[in-house]
Amino acid sequence: MLKKIFLFLFLLLNLKLFPSIHQDEYFLNLKSAYFGSPTNLSEKLVDKKEKGLHYNYYGYLPYWIDTLYYSNFQYELLTHISYFSVNVNTDGSCGLIPNPSYFTKIYNESHKRGIRIHLTFTLFGTTSVSTLLNSKSSRENCISNILNYVDLYNLDGVNLDFEFVSSSLRDSFNLFIMQLADSLHNRFSTRRELYIAVPPVYQWYPGYDYYSISSFSDGLFVMCYDYHWSGSSEAGPVSPTFNSTFWGYYAFNTSISDLIGIGVDPSKIIAGIPYYGYDWPTESDTLKSKTIGTGSSVIFKNAKNNASIYGRKFDEYSKVPYYTYLSTNYHQCFYDDSASIRYKLGIVKDKKLQGAGCWALGYDDGAIDLWSVLREELFLTAPLKHFVVKVNTTNLNIRTGPSTSYDILNVSNYGETFVAFDYDGYWYKIYYPSASFPYYAYIYGGDGLNIKYLEGDNFFKVARITASLLNVRSGASTTYPILTQVSYNQVFVVDSFTGDWARIILPDSNRTGFIYYTSYAQIFDNLSSFNDCEVFVDSLIYPDTLFSGDSFEVKLYLKNTGYVSLDSIFGISFLEKSLFYYETFWSDSGFAKSYGNNTLPGQNGIKTFYFKAPFILNDSLLSYDVVLKRNDDTSSNYFNIKIYVKSKSSGKVEDDKIFCEENFKTLRKFYHVYDLTGRLIKKGDGEFNITDVKKFSTGVYFLIFSDGDKINRKKIIMLK
């Protein structure tokens, strides 16, 4: 019993149940707010005029930020704005919108620029959250009221910020999120989104089932800040970018990695970034100084100005800036600026997250530093990271989002080609005509091995639209009717030219249309020349021993991790002329072309190469160092191919006992895999599949298998 009590107290003491910056500032500014219902929400969500944001950027906009600041927003760098916030009561009823005229302003300004407007619903305090979630009627009432808000104001989605959910409420919170998400996704004529604000460290808050609620929702806004908060006992980084022995394990990078580690899909993670810092009174100006009072939040604009006065310092442990000063007492202020945010956005890209977001819009107060780093790190313009996808099946659905739960926009035909610039799993994000809305769409390509609905093609010309809005006509003249419109930075495949007009392939019901490209589009002959060819090599299979003059196959199992489709130009490059040269299938004596499906970025692939053993008089062991290349772009590290070639005169190949056909009494289909010592590692009946050895460690193995007609021998090299 004492052990149980001790464990409970230990867990209780280690839970970080302090109020977040969201909660603190919500109540701090209430006295200046007025509440009501917004009117004149006249703007419908339209196409985003400027394309190129490669990730979602999700900004909270607090009710206390004056509309004068809205003109400073660089809207082309935002995908979502969530107005903060409507209070939820414990019985499930919802309050009115604070400063409703502010909401009207941002609603109309955002919608006419193609930015989705969400409304944040907040409930603060463990007791309040518990009262709501423990009552079935209160949960249902809350969902009903949120849906009424969505319907009444034609919201594009909802953000839920419940702080904090205790471990006893884990199941009821899951159920609440599942039911709310299902209603938002399916009840309205168009799918509405659900994002959930969650603490940065899942170990601190066991009530949040991060994996489950991420799978129900469209995304988790992970509040990667308040690692040090206003009440911290020592001054330190509000959002340490990296963990360190100095500051400890928990940081921006470990929060993201840990969530992925427990199964949260990276495409469901929005990494929250602070546009604020904390100023603490401290015992000294040295790092990790004890605080002697409560810290005060400082918005970015003020922190930047103060740092210019007191001297900006940069903490190399956490990769965040800070400054110190003396005013009666020592003070230390840690905050984030463009330098630390650049590191954080690098993590967002490296982990392939859905995107990033901020608390809060307006805290930069007109300074362009933070917008500039967003543009440099997240904004993408063709031809970089763009590639062509080709439909390899009939009747392939084009949807509004990356799963079959999203609405179908159109059905594509075999052979149609579109321009993609991102992928979510095996869902490829393509451009969609802006007049048809939405301006992006998704199409499922398959894994490249078992399902090959899409393949790549590097040799189509494409057109990048340079006009704000460009008419697409049914013929090559302004006398033809307008079919649809495309907008700035969208990219489409060109299949022919007529004078100054280009015919582009459209993923909507129009199929094709003409644009006046001479003045309003940029033509690229080949996207692949602008992008890197990169592959992850899983394994390589080829014969261990063969006869002089024999032709044979080399099979390469890989994943395309670059932004160029792997076509026949991709191949094995020898560092010297190779005696395995096979004229029919090689470009020259140093390069073997690949054969197989044109593997798209993100897909797995099997590439086959055809070699021919040289005619030799004496038995020889041939060994070559090779790399994988496409044109002059090297896409792998060096590895070695080693094969023993027997002369015809030497007769039957002398095998070790593990290779003797006498060991096999029948020519049924089977396989045996041995390591270098001759130890049997794995065997099975039926045909051999590379997935049978996926978990083998790096090294060389020998495969003996029967195809039903004869015994075959191969060498397997596991390179991963």
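The values are calculated or read from the model by the stated rules, or taken from the named source; none is laboratory data. Keep in mind the model is a prediction, meaning the values are calculated, not measured. All Cβ positions, even for glycine, are placed from backbone atoms using ideal geometry, and neighbour counts span all protein chains on display.
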Practice problem: Mind listing whichever residues of segment 159-194 are surrounded by fewer than 22 Cβ atoms within 10 Å (Cβ to Cβ) and either part of a loop (DSSP other than H, G, I, E, B) or not assigned by TED's automatic domain parsing to the domain that holds P19 (or both)? | Solution: S166, R187, F188, S189, T190, R191
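Y102: in contact (Cβ under 8 Å) with a residue 60 or more places away in the chain, assigned to a helix (DSSP H, G or I) and either of a type in the set (S, T, Y) or not assigned by TED's automatic domain parsing to the domain that holds S214 (or both), yes or no? First the steps, then the outcome.
Details: in contact (Cβ under 8 Å) with a residue 60 or more places away in the chain: no; assigned to a helix (DSSP H, G or I): yes; either of a type in the set (S, T, Y) or not assigned by TED's automatic domain parsing to the domain that holds S214 (or both): yes.
No.
Considering each residue of segment 589-613, count those that are in a loop (DSSP other than H, G, I, E, B) and buried (at least 16 other Cβ atoms within 10 Å of the Cβ), and give that number.
So the first thing to find is which residues in segment 589-613 are in a loop (DSSP other than H, G, I, E, B), and the list is 589-590, 594, 596-598, 600-603, 613.
From what is left, the residues that are buried (at least 16 other Cβ atoms within 10 Å of the Cβ) are 590, 594, 596-598, 600-603, 613.
Result for segment 589-613: 10.
Please go through segment 345-393 and give me each residue that is part of a loop (DSSP other than H, G, I, E, B), on the phi > 0 side of the Ramachandran plot and either among the β-branched types (V, I, T) or buried (at least 20 other Cβ atoms within 10 Å of the Cβ) (or both), ordered by number.
Answer for segment 345-393, where residues must be part of a loop (DSSP other than H, G, I, E, B), on the phi > 0 side of the Ramachandran plot and either among the β-branched types (V, I, T) or buried (at least 20 other Cβ atoms within 10 Å of the Cβ) (or both): just G362.
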Quiz item: Of the residues in segment 516-537, how many are in a strand (DSSP E or B) and surrounded by fewer than 18 Cβ atoms within 10 Å (Cβ to Cβ)?
Solution: 3
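Give, as residue ranges, the strands (runs of 3 or more DSSP E) completely inside segment 460-512 that count at least 2 residues that are of a type in the set (A, V, I, L, M, F, W, C) and under 25 Å from D407 (Cβ atoms). Quick ask: steps written out before the conclusion?
On the way: elements: 461-465, 469-473, 482-487, 491-498, 501-505.
Because the criterion is at least 2 residues that are of a type in the set (A, V, I, L, M, F, W, C) and under 25 Å from D407 (Cβ atoms), the strands (runs of 3 or more DSSP E) in segment 460-512 that meet it are 469-473, 482-487, 491-498, 501-505.
Name the single residue that is farthest from G125 (Cα to Cα) among those in segment 54-75 being surrounded by fewer than 20 Cβ atoms within 10 Å (Cβ to Cβ) and under 24 Å from the mean Cα position of the chain (by Cα). First the steps, then the outcome.
First, pick out the residues of segment 54-75 that are surrounded by fewer than 20 Cβ atoms within 10 Å (Cβ to Cβ): 54, 64, 66-72, 74-75.
Checking the rest, the ones that are also under 24 Å from the mean Cα position of the chain (by Cα) come to 54, 74-75.
Details: H54: 36, Q74: 34, Y75: 34 Å.
If we take residues in segment 54-75 being surrounded by fewer than 20 Cβ atoms within 10 Å (Cβ to Cβ) and under 24 Å from the mean Cα position of the chain (by Cα), then H54 is farthest from G125 (Cα to Cα).
Can you tell which of T126, T131 is β-branched (V, I, T), at pLDDT below 95 and over 27 Å from R399 (Cα atoms)?
Details: T131 fails: at pLDDT below 95.
Checking each option against the conditions leaves just T126.
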Quiz item: Name the residues in segment 287-304 that are of a type outside the set (A, V, I, L, M) and either surrounded by fewer than 21 Cβ atoms within 10 Å (Cβ to Cβ) or part of a strand (DSSP E or B) (or both), would you?
Solution: K288, S289, K290, T291, G293, T294, S296, S297, K301, N302
Quiz item: Hey, any hits in segment 285-295 for a residue that's free of Cβ contacts under 8 Å to residues at least 12 places away in the same chain and either within 22 Å of G236 (Cβ to Cβ) or in contact with a strand residue (DSSP E or B) (Cβ under 8 Å, 6 or more places away or on another chain) (or both)?
Solution: yes
Practice problem: Determine whether segment 268-282 contains at least one residue that is without any contact (Cβ under 8 Å) to a residue 60 or more places away in the chain and more than 29 Å from D161 (Cα to Cα). | Solution: yes
Quiz item: So which residues in segment 437-456 are in a loop (DSSP other than H, G, I, E, B) and of a type in the set (F, W, Y)?
Solution: F437, Y439, Y453
Practice problem: Answer yes or no: is there a residue in segment 95-102 that is under 17 Å from P38 (Cα atoms) and among the hydroxyl-bearing types (S, T, Y). | Solution: yes
Practice problem: Keeping to segment 614-637, report how many residues are part of a loop (DSSP other than H, G, I, E, B) and free of Cβ contacts under 8 Å to residues at least 24 places away in the same chain. | Solution: 2
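If you check Y542 against the conditions, is it surrounded by 18 or more Cβ atoms within 10 Å (Cβ to Cβ) and either in contact with a Leu (Cβ under 6 Å, 6 or more places away or on another chain) or without any contact (Cβ under 8 Å) to a residue 60 or more places away in the chain (or both)?
no
Criterion first (assigned to a loop (DSSP other than H, G, I, E, B), within 23 Å of N397 (Cα to Cα) and touching a Ser or Thr at 6+ places or on another chain (Cβ under 7 Å)) does G415 satisfy it? Don't jump to the end; show me each part of the working.
Values: assigned to a loop (DSSP other than H, G, I, E, B): yes; within 23 Å of N397 (Cα to Cα): yes; touching a Ser or Thr at 6+ places or on another chain (Cβ under 7 Å): no.
Judged against the criteria, G415 is not a match.
Give the residue, chosen from L123, L78, L53, L133, that is of a type outside the set (G, A, S), under 23 Å from F35 (Cα atoms) and assigned by TED's automatic domain parsing to the domain that holds V198. So that I can check it myself, show each step before the final result.
Values: L78 fails: under 23 Å from F35 (Cα atoms); L53 fails: under 23 Å from F35 (Cα atoms); L133 fails: under 23 Å from F35 (Cα atoms).
Being of a type outside the set (G, A, S), under 23 Å from F35 (Cα atoms) and assigned by TED's automatic domain parsing to the domain that holds V198 holds for just one of L123, L78, L53, L133, which is L123.
Given V411, V419, which one is assigned by TED's automatic domain parsing to the domain that holds T512, touching a His at 6+ places or on another chain (Cβ under 7 Å) and among the aliphatic types (A, V, I, L, M)? So that I can check it myself, show each step before the final result.
Working: V411 fails: touching a His at 6+ places or on another chain (Cβ under 7 Å).
Unique residue meeting the criteria: V419.
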Practice problem: Among the residues of segment 209-221, write down those that are within 24 Å of R116 (Cβ to Cβ) and assigned to a loop (DSSP other than H, G, I, E, B). | Solution: S217, D218
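For segment 434-455, which positions are of a type in the set (G, A, S), farther than 15 Å from N410 by Cβ and in contact with a strand residue (DSSP E or B) (Cβ under 6 Å, 6 or more places away or on another chain)? Steps first, please.
Keep residues of segment 434-455 that are of a type in the set (G, A, S), which gives 434-436, 441, 445-446, 448.
Now narrow it down to the ones that are farther than 15 Å from N410 by Cβ: 445-446, 448.
If the condition is that a residue be of a type in the set (G, A, S), farther than 15 Å from N410 by Cβ and in contact with a strand residue (DSSP E or B) (Cβ under 6 Å, 6 or more places away or on another chain), then G445, G448 are the ones that fit.
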Exercise. Find the residue count for segment 89-99, including only residues that are among the hydrophobic types (A, V, I, L, M, F, W, C) and touching a residue at least 60 places away in the same chain (Cβ under 8 Å).
Key: 2
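I'm trying to understand the selection: among the residues of segment 82-99, which are part of a loop (DSSP other than H, G, I, E, B) and touching a Cys at 6+ places or on another chain (Cβ under 7 Å)? I'd like the intermediate steps shown before the answer.
Residues of segment 82-99 that are part of a loop (DSSP other than H, G, I, E, B), as a first pass: 89-93, 95-96, 99.
Within segment 82-99, just G92 meets the criteria.
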Quiz item: For segment 173-208, how many residues meet the condition of being over 18 Å from R139 (Cβ atoms) and touching a Cys at 6+ places or on another chain (Cβ under 9 Å)?
Solution: 1
Self-check item: Residue in segment 235-286 that is farthest from P402 (Cα to Cα), counting only those that are polar (S, T, N, Q) and part of a strand (DSSP E or B)
Solution: T282
